[in-house]
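To start, the structure itself, in structure tokens.
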Amino acid sequence: MEGDDFDREPIVLVAGYLIFFMQCGFCMLCVGSVREKNAKNIILKNLLDACFGALGFYVLGYGLSSGADSGSFIGGSNFALQGVSKSDYKTWFFEYAFAATSATIVSGAVAERTKFEAYLLYSFYVTAWVYPVVAHWIWNEEGWLSIFRTDGDLFLDSGVLDYAGCGVVHMTGGFAGLWAAWIVGPRVGRFYRKDVGSSTSKSLADDFSAPGPLKVKKIPGHSASLALLGIFILWFGWYGFNSGAALHLGAPAQTASLCAVNTTLGGAAGCVSALILQMLFGYRRLGVAVWDLITAGNGVLAGLVSVTAACSVIQPWAALVAGLVGGVIYVLSSYLVSHILKVDDPLDAVAVHGFGGMWGLIAGALFADAELFSFALDHRMNKVDIAVEVTRPGGLFMENGNARLLGSALVAILVILGWVMVCMVPFFLVLRAANILRVSTEHERHGLDVVHHGGTAYPKDYASDDFLVAAGSPTAGTNRLSFGQPSPEVMSELNAIRQNQANLEAKLMRILAQSPGTSSSDPST
């Protein structure tokens, strides 16, 4: 094709490097969104997502998703890269980067209270089994939902439009995170019931039977700077995610350029709509305009997710619409998860990736341009020696469109939800029954860094070192020795400051509880 005479392999590899670099973005976003007493823990989990994800995808995952001997449901060969040709190594690496991305989404949803061993088992399980099956259904040429089928009828004569992974990556990871967060339970203090006729509040971790309506307490992360650094890294990596996926799946260079434009517009629009909507909710409650930084950053991610399924086949104006709606869906679904479902998701991973992925599949089915769709697929099909002119239906709202893509998208949403539930609920229930899922309340209160990782991520913070001594840690006292033993006068002053802080927090809680403008039905609460 004119203008498309280039060596695809090195470009696909570079796109894979960008996607892998998104692990750094997730790491920074996660560490900035948790309290500093758990920074080391979440960083190590993100690192080992990449490591255990590589092992799981090597041993089983690649063979199940892309094995040469494939059926409509699952692949059945090339396990541990046996029988894979040298020209397919780039395919393994590129698809591994996607698998690791899906797995790492869950790290934020279960942050600050999950045992380290359970998370390692999860990372291997998702990349070895849960994710590869969905990837095979939608991306493999034999998959029963694939738009790339070369043998047999397309599902609803269209297949499922998911070029870069709204369903395969984001819905799988997002709703795995929902089930994980629900089963592991909330962090201490995240939800509480206020005693009737009393000024005291009790955390769910302390008293499940306390009367009164269930309240939600915001637990902010310790570094908005790190969180936004992560957002920018993820946005940068998303160009490899979307444009790289188009090239990997055989689309021409012009389609990859369109993906870059749509990725930019989708992320920008999601940021604006989420920021404004959250400001309006806050203004309604408080009477002042508050422009929330974390909401804006998550709005970017929601917008990026919203265009991921159809970035190669929608016009730029449609990417703007998809991103704008994605930002709104993020804000509303975040409220749904925390205030209605009462699920504790510290990073809003379920809202951004789970619900954002659902909307992305639907958006593609509404706005897909039939000409762009056929242009991208015609190039791929002729690339695999099927010399035919490929035609596909447009989206429901487009010229020459119909409801077939929308029907396929809705079926894909249902089967992905069902598959993730069937796989993940028993898995996490077994871990909980074996008492290897959640840390103890005492460990959670002191912080996972001190208890499990030999000390805090910030050496100046030695206040929790007493717990290391009590726990018999071999690193006990190392932080304190570095700074000298505090005198009794200093310790007395520190204790007084802590007590004053606790008194102020209790007073603030009483004021908020008595204020008529702090109803728990407000999404901005």
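Does region 203-252 hold any residues that are of a type in the set (Phe, Trp, Tyr), open to solvent by 10 Å² or more (accessible area, probe 1.4 Å) and modelled with pLDDT of 95 or more, and which are they? Selection gives PHE232, TRP235, PHE236, TYR239. Being touching a Gly at 6+ places or on another chain (Cβ under 7 Å) and surrounded by fewer than 24 Cβ atoms within 10 Å (Cβ to Cβ) is the filter here, so list the residues in region 141-152 that pass it. Within region 141-152, GLU142, SER146, ARG149 meet the criteria. Beta carbons closer than 6 Å, at least 6 apart along the sequence or on distinct chains, pair a first residue in region 333-355 that is at positive phi with a second that is buried (at least 24 other Cβ atoms within 10 Å of the Cβ) and modelled with pLDDT of 95 or more for ASP348/ASN298.
Of the residues making up region 253-267, those that are open to solvent by less than 40 Å² (accessible area, probe 1.4 Å) and either under 24 Å from the mean Cα position of the chain (by Cα) or of a type in the set (A, V, I, L, M) (or both) are ALA253, ALA256, LEU258, CYS259, ALA260, ASN262, THR263, GLY266, GLY267. Screening PHE427, PHE467 for residues that are at pLDDT below 90, in a helix (DSSP H, G or I) and not β-branched (Val, Ile, Thr) leaves exactly one candidate, PHE467.
Scanning region 101-120 for residues that are out of contact with any Lys or Arg (no Cβ under 7 Å at 6 or more places or on another chain) and either open to solvent by less than 10 Å² (accessible area, probe 1.4 Å) or not in a helix (DSSP H, G or I) (or both) gives THR101, SER102, ALA103, THR104, ILE105, VAL106, GLY108, ALA109, VAL110, ALA111, ALA118.
In a residue-by-residue description of region 484-498, the property of being modelled with pLDDT under 50 and open to solvent by less than 60 Å² (accessible area, probe 1.4 Å) applies to at least one position.
Check SER70, SER77, SER87 and return the single one that is at pLDDT below 90 and more than 23 Å from TYR17 (Cβ to Cβ). Steps first, please.
Details: SER77 fails: at pLDDT below 90; SER87 fails: more than 23 Å from TYR17 (Cβ to Cβ).
On inspection, the qualifying residue turns out to be SER70.
Restricting attention to region 78-134, the residues being closer than 16 Å to GLY53 by Cα and of a type in the set (Lys, Arg) number 0.
Any residue at all in region 136-151 that's in contact with a His (Cβ under 7 Å, 6 or more places away or on another chain) and not in a helix (DSSP H, G or I)? I'd like the intermediate steps shown before the answer.
Taking region 136-151 first, the residues in contact with a His (Cβ under 7 Å, 6 or more places away or on another chain) are 143.
Subset that is not in a helix (DSSP H, G or I): 143.
Yes: one or more hits.
So in region 243-261, with the set limited to residues that are in a helix (DSSP H, G or I) and of a type outside the set (A, V, I, L, M, F, W, C), which one is farthest from ILE105 (Cα to Cα)?
GLN254
Just checking, how many residues over region 44-89 are aliphatic (A, V, I, L, M), outside any loop (DSSP other than H, G, I, E, B), touching a His at 6+ places or on another chain (Cβ under 9 Å) and open to solvent by 30 Å² or more (accessible area, probe 1.4 Å)? Walk me through it before giving the result.
First, the residues of region 44-89 that are aliphatic (A, V, I, L, M): 44, 47-48, 50, 54-55, 59-60, 64, 68, 74, 80-81, 84.
Subsequent filtering for residues that are outside any loop (DSSP other than H, G, I, E, B) retains 44, 47-48, 50, 54-55, 59-60, 64, 80-81.
From what is left, the residues that are touching a His at 6+ places or on another chain (Cβ under 9 Å) are 44, 64.
Next, from what is left, pick out any that are open to solvent by 30 Å² or more (accessible area, probe 1.4 Å): 44.
Residues that pass the stated criteria total 1.
The one condition from (1) in contact with an Asp or Glu (Cβ under 9 Å, 6 or more places away or on another chain); (2) at pLDDT 95 or above; (3) hydroxyl-bearing (Ser, Thr, Tyr) that THR172 does not meet is (1).
The values are calculated or read from the model by the stated rules, or taken from the named source; none is laboratory data. Values in this document were obtained by computation on a predicted structure and should not be read as measured data. When we count neighbours, we look across all protein chains shown, and the Cβ atoms used for this are built from the backbone with ideal geometry, even at glycine. Just the protein is used for accessible areas: all its heavy atoms, side chains included, with ligands, DNA and RNA removed. Shrake-Rupley method; radii C 1.70, N 1.55, O 1.52, S 1.80 Å.
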